[in-house]
Amino acid sequence: MTKRYAPATERNREPLLQVLQSHLPQRGVVLEIAAGSGQHAAYFAPRLAPRLWLPTDKDAVNLASIHAWCAEADSESLLATQHLDVLETVWEIEQQALPEDVTAIVNINMLHIAPWLCCHGLFAGAKRMLRQGGIVLLYGPFKEQGQHTAVSNESFDTQLRAENASWGIRDVEAVTEVAREAGFDCAEMIQMPANNHVLVFHYQ
(Lines give C-alpha, C1' and ligand atoms only; values in the text may rest on other atoms or scores of the structure.)
Protein backbone atom coordinates (compact mmCIF):
# COMPACT_ATOMS: atom_id res chain seq x y z
CA MET A 1 0.00 0.00 0.00
CA THR A 2 1.25 3.48 -0.86
CA LYS A 3 1.54 6.08 1.85
CA ARG A 4 0.79 9.59 0.64
CA TYR A 5 2.68 12.45 2.23
CA ALA A 6 1.29 15.98 2.74
CA PRO A 7 3.95 18.47 3.93
CA ALA A 8 1.27 20.81 5.38
CA THR A 9 0.24 18.04 7.77
CA GLU A 10 3.69 18.02 9.34
CA ARG A 11 3.49 21.78 9.81
CA ASN A 12 0.03 22.03 11.32
CA ARG A 13 -0.16 18.87 13.42
CA GLU A 14 1.30 20.31 16.64
CA PRO A 15 -0.93 23.43 16.77
CA LEU A 16 -3.91 21.25 15.89
CA LEU A 17 -3.02 18.71 18.57
CA GLN A 18 -3.03 21.44 21.20
CA VAL A 19 -6.54 22.51 20.15
CA LEU A 20 -7.79 18.92 20.13
CA GLN A 21 -6.35 18.21 23.56
CA SER A 22 -8.12 21.21 25.04
CA HIS A 23 -11.47 20.98 23.22
CA LEU A 24 -12.31 17.31 22.63
CA PRO A 25 -14.42 15.39 25.13
CA GLN A 26 -12.29 13.27 27.44
CA ARG A 27 -13.61 9.95 26.10
CA GLY A 28 -15.44 8.42 23.17
CA VAL A 29 -14.81 7.97 19.48
CA VAL A 30 -13.41 10.89 17.50
CA LEU A 31 -14.66 10.53 13.92
CA GLU A 32 -12.28 12.10 11.41
CA ILE A 33 -13.99 12.91 8.12
CA ALA A 34 -11.85 13.24 4.98
CA ALA A 35 -8.70 11.96 6.68
CA GLY A 36 -6.68 12.44 3.48
CA SER A 37 -3.21 10.93 3.67
CA GLY A 38 -3.79 9.50 7.14
CA GLN A 39 -0.85 11.33 8.72
CA HIS A 40 -3.05 13.21 11.16
CA ALA A 41 -4.82 10.06 12.31
CA ALA A 42 -1.55 8.22 12.90
CA TYR A 43 -0.11 11.16 14.82
CA PHE A 44 -3.13 12.21 16.86
CA ALA A 45 -4.54 8.86 17.98
CA PRO A 46 -1.80 7.75 20.40
CA ARG A 47 -1.49 11.27 21.80
CA LEU A 48 -5.22 11.64 22.48
CA ALA A 49 -5.80 8.37 24.35
CA PRO A 50 -8.01 7.17 25.95
CA ARG A 51 -10.13 8.62 23.16
CA LEU A 52 -10.49 6.37 20.11
CA TRP A 53 -9.76 7.79 16.65
CA LEU A 54 -11.76 6.63 13.62
CA PRO A 55 -10.32 7.86 10.29
CA THR A 56 -12.58 7.87 7.23
CA ASP A 57 -12.46 9.05 3.63
CA LYS A 58 -14.38 8.46 0.40
CA ASP A 59 -11.39 8.16 -1.95
CA ALA A 60 -9.84 4.72 -2.50
CA VAL A 61 -6.31 6.09 -2.85
CA ASN A 62 -6.68 8.03 0.39
CA LEU A 63 -8.15 5.03 2.19
CA ALA A 64 -5.13 2.93 1.21
CA SER A 65 -2.76 5.63 2.44
CA ILE A 66 -4.65 6.06 5.72
CA HIS A 67 -4.53 2.33 6.31
CA ALA A 68 -0.77 2.26 5.67
CA TRP A 69 -0.04 5.16 8.02
CA CYS A 70 -2.25 3.72 10.75
CA ALA A 71 -0.75 0.24 10.41
CA GLU A 72 2.69 1.75 10.91
CA ALA A 73 1.52 3.73 13.94
CA ASP A 74 0.16 0.52 15.49
CA SER A 75 -1.85 2.36 18.16
CA GLU A 76 -4.58 0.73 20.22
CA SER A 77 -6.44 4.04 19.99
CA LEU A 78 -6.85 3.75 16.20
CA LEU A 79 -10.00 2.13 14.88
CA ALA A 80 -10.09 0.48 11.47
CA THR A 81 -10.17 2.92 8.54
CA GLN A 82 -13.60 3.16 6.95
CA HIS A 83 -15.26 4.59 3.86
CA LEU A 84 -17.45 7.66 4.41
CA ASP A 85 -19.01 10.04 1.91
CA VAL A 86 -20.64 13.02 3.64
CA LEU A 87 -23.15 13.37 0.79
CA GLU A 88 -24.72 10.00 1.54
CA THR A 89 -28.00 10.40 3.40
CA VAL A 90 -27.00 7.53 5.70
CA TRP A 91 -23.32 6.99 6.47
CA GLU A 92 -22.07 3.41 6.48
CA ILE A 93 -20.71 3.71 10.02
CA GLU A 94 -24.19 4.55 11.29
CA GLN A 95 -25.10 0.91 10.65
CA GLN A 96 -22.18 -0.44 12.68
CA ALA A 97 -21.55 -1.08 16.35
CA LEU A 98 -18.64 1.05 17.58
CA PRO A 99 -16.81 0.31 20.84
CA GLU A 100 -17.90 3.68 22.27
CA ASP A 101 -20.22 6.52 21.27
CA VAL A 102 -18.99 9.11 18.79
CA THR A 103 -18.47 12.21 20.92
CA ALA A 104 -16.66 14.41 18.40
CA ILE A 105 -16.22 14.90 14.66
CA VAL A 106 -13.04 16.41 13.23
CA ASN A 107 -12.76 17.67 9.65
CA ILE A 108 -9.44 19.09 8.45
CA ASN A 109 -8.98 20.98 5.18
CA MET A 110 -12.03 19.66 3.34
CA LEU A 111 -14.62 22.39 2.90
CA HIS A 112 -12.59 24.48 0.45
CA ILE A 113 -11.85 21.50 -1.83
CA ALA A 114 -15.36 20.08 -1.88
CA PRO A 115 -18.74 21.24 -3.20
CA TRP A 116 -20.74 23.41 -0.81
CA LEU A 117 -23.26 20.60 -0.42
CA CYS A 118 -20.58 18.73 1.56
CA CYS A 119 -20.90 21.31 4.34
CA HIS A 120 -24.62 20.55 4.56
CA GLY A 121 -23.93 16.81 4.43
CA LEU A 122 -21.32 17.02 7.15
CA PHE A 123 -23.60 18.72 9.65
CA ALA A 124 -26.60 16.58 8.72
CA GLY A 125 -24.50 13.50 9.47
CA ALA A 126 -23.08 15.05 12.63
CA LYS A 127 -26.63 15.59 13.85
CA ARG A 128 -27.37 11.91 13.33
CA MET A 129 -24.12 10.68 14.91
CA LEU A 130 -23.70 12.93 17.94
CA ARG A 131 -25.63 13.29 21.17
CA GLN A 132 -26.29 16.57 22.90
CA GLY A 133 -22.98 18.17 23.89
CA GLY A 134 -21.10 16.56 21.01
CA ILE A 135 -18.36 18.54 19.30
CA VAL A 136 -17.56 19.32 15.66
CA LEU A 137 -14.16 20.87 14.90
CA LEU A 138 -13.44 22.26 11.44
CA TYR A 139 -9.95 23.35 10.39
CA GLY A 140 -8.93 25.29 7.31
CA PRO A 141 -8.89 28.72 5.68
CA PHE A 142 -12.07 30.77 6.00
CA LYS A 143 -13.37 34.16 4.91
CA GLU A 144 -14.93 36.50 7.45
CA GLN A 145 -17.93 38.60 6.37
CA GLY A 146 -17.09 37.82 2.76
CA GLN A 147 -13.52 39.07 3.04
CA HIS A 148 -10.30 37.09 2.89
CA THR A 149 -8.16 37.27 6.00
CA ALA A 150 -4.88 37.30 4.04
CA VAL A 151 -3.63 38.03 0.53
CA SER A 152 -2.29 34.48 0.31
CA ASN A 153 -5.75 33.10 1.04
CA GLU A 154 -7.23 35.26 -1.72
CA SER A 155 -4.69 33.88 -4.20
CA PHE A 156 -5.37 30.36 -3.00
CA ASP A 157 -9.11 30.89 -3.43
CA THR A 158 -8.63 32.07 -7.01
CA GLN A 159 -6.50 29.02 -7.73
CA LEU A 160 -9.09 26.68 -6.25
CA ARG A 161 -11.99 28.15 -8.21
CA ALA A 162 -9.96 28.00 -11.43
CA GLU A 163 -9.37 24.31 -10.83
CA ASN A 164 -12.98 23.55 -9.89
CA ALA A 165 -15.81 26.07 -9.91
CA SER A 166 -17.53 24.28 -7.01
CA TRP A 167 -14.52 24.74 -4.72
CA GLY A 168 -13.37 27.80 -2.80
CA ILE A 169 -12.67 29.22 0.64
CA ARG A 170 -15.93 29.39 2.60
CA ASP A 171 -17.41 32.19 4.66
CA VAL A 172 -17.44 31.57 8.41
CA GLU A 173 -20.93 33.07 8.55
CA ALA A 174 -22.24 30.70 5.88
CA VAL A 175 -20.75 27.65 7.58
CA THR A 176 -22.10 28.80 10.93
CA GLU A 177 -25.59 29.20 9.47
CA VAL A 178 -25.56 25.66 8.05
CA ALA A 179 -24.41 24.40 11.43
CA ARG A 180 -27.09 26.38 13.27
CA GLU A 181 -29.83 24.92 11.10
CA ALA A 182 -28.63 21.45 12.12
CA GLY A 183 -28.61 22.34 15.81
CA PHE A 184 -24.95 23.29 16.29
CA ASP A 185 -23.73 26.46 17.96
CA CYS A 186 -20.36 27.98 16.98
CA ALA A 187 -18.75 28.22 20.41
CA GLU A 188 -15.31 29.42 19.35
CA MET A 189 -13.18 30.50 16.40
CA ILE A 190 -9.48 29.90 17.00
CA GLN A 191 -6.80 31.58 14.91
CA MET A 192 -4.15 29.15 13.72
CA PRO A 193 -0.80 29.50 11.90
CA ALA A 194 -0.66 30.10 8.14
CA ASN A 195 -3.93 32.08 8.09
CA ASN A 196 -6.11 29.13 9.07
CA HIS A 197 -8.76 28.80 11.77
CA VAL A 198 -10.46 26.14 13.84
CA LEU A 199 -14.22 26.48 14.22
CA VAL A 200 -15.60 24.72 17.29
CA PHE A 201 -19.28 23.74 17.24
CA HIS A 202 -21.36 22.29 20.08
CA TYR A 203 -24.46 20.21 19.44
CA GLN A 204 -27.31 21.74 21.43
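The values are calculated or read from the model by the stated rules, or taken from the named source; none is laboratory data. Please read these numbers as outputs of a predicted model, since none were measured by experiment. Ideal geometry is used to build each Cβ from the backbone, glycine not excepted, and the neighbour counts take in all protein chains shown.
Miscellaneous remarks
- Any hit, region 21-28, residues being in contact with an Asp or Glu (Cβ under 9 Å, 6 or more places away or on another chain), surrounded by 20 or more Cβ atoms within 10 Å (Cβ to Cβ), modelled with pLDDT of 95 or more and more than 19 Å from residue 110 (Cβ to Cβ): yes
- Residues that are assigned to a helix (DSSP H, G or I), of a type in the set (D, E, K, R) and either in contact (Cβ under 8 Å) with a residue 12 or more places away in the chain or in contact with an Asp or Glu (Cβ under 8 Å, 6 or more places away or on another chain) (or both), drawn from region 128-174: 128, 157, 173
- Selection within region 79-95 - over 15 Å from the mean Cα position of the chain (by Cα), part of a loop (DSSP other than H, G, I, E, B) and surrounded by 13 or more Cβ atoms within 10 Å (Cβ to Cβ): 79, 88, 91
- Of all residues in region 36-46, those being in contact (Cβ under 8 Å) with a residue 60 or more places away in the chain and buried (at least 24 other Cβ atoms within 10 Å of the Cβ) number 1.
- So residue 98, is it out of contact with any Pro (no Cβ under 7 Å at 6 or more places or on another chain), surrounded by fewer than 22 Cβ atoms within 10 Å (Cβ to Cβ), not small (Gly, Ala, Ser) and not in a strand (DSSP E or B): yes
- Test: residue in region 118-136 that is surrounded by fewer than 15 Cβ atoms within 10 Å (Cβ to Cβ) and hydrophobic (A, V, I, L, M, F, W, C): no
- For region 175-203, the tally of residues that are farther than 19 Å from residue 133 by Cβ, in a helix (DSSP H, G or I) and free of Cβ contacts under 8 Å to residues at least 12 places away in the same chain stands at 1.
- For residue 76, the conditions (1) without any contact (Cβ under 8 Å) to a residue 60 or more places away in the chain; (2) over 24 Å from residue 6 (Cβ atoms); (3) surrounded by 13 or more Cβ atoms within 10 Å (Cβ to Cβ) are fulfilled apart from (3).
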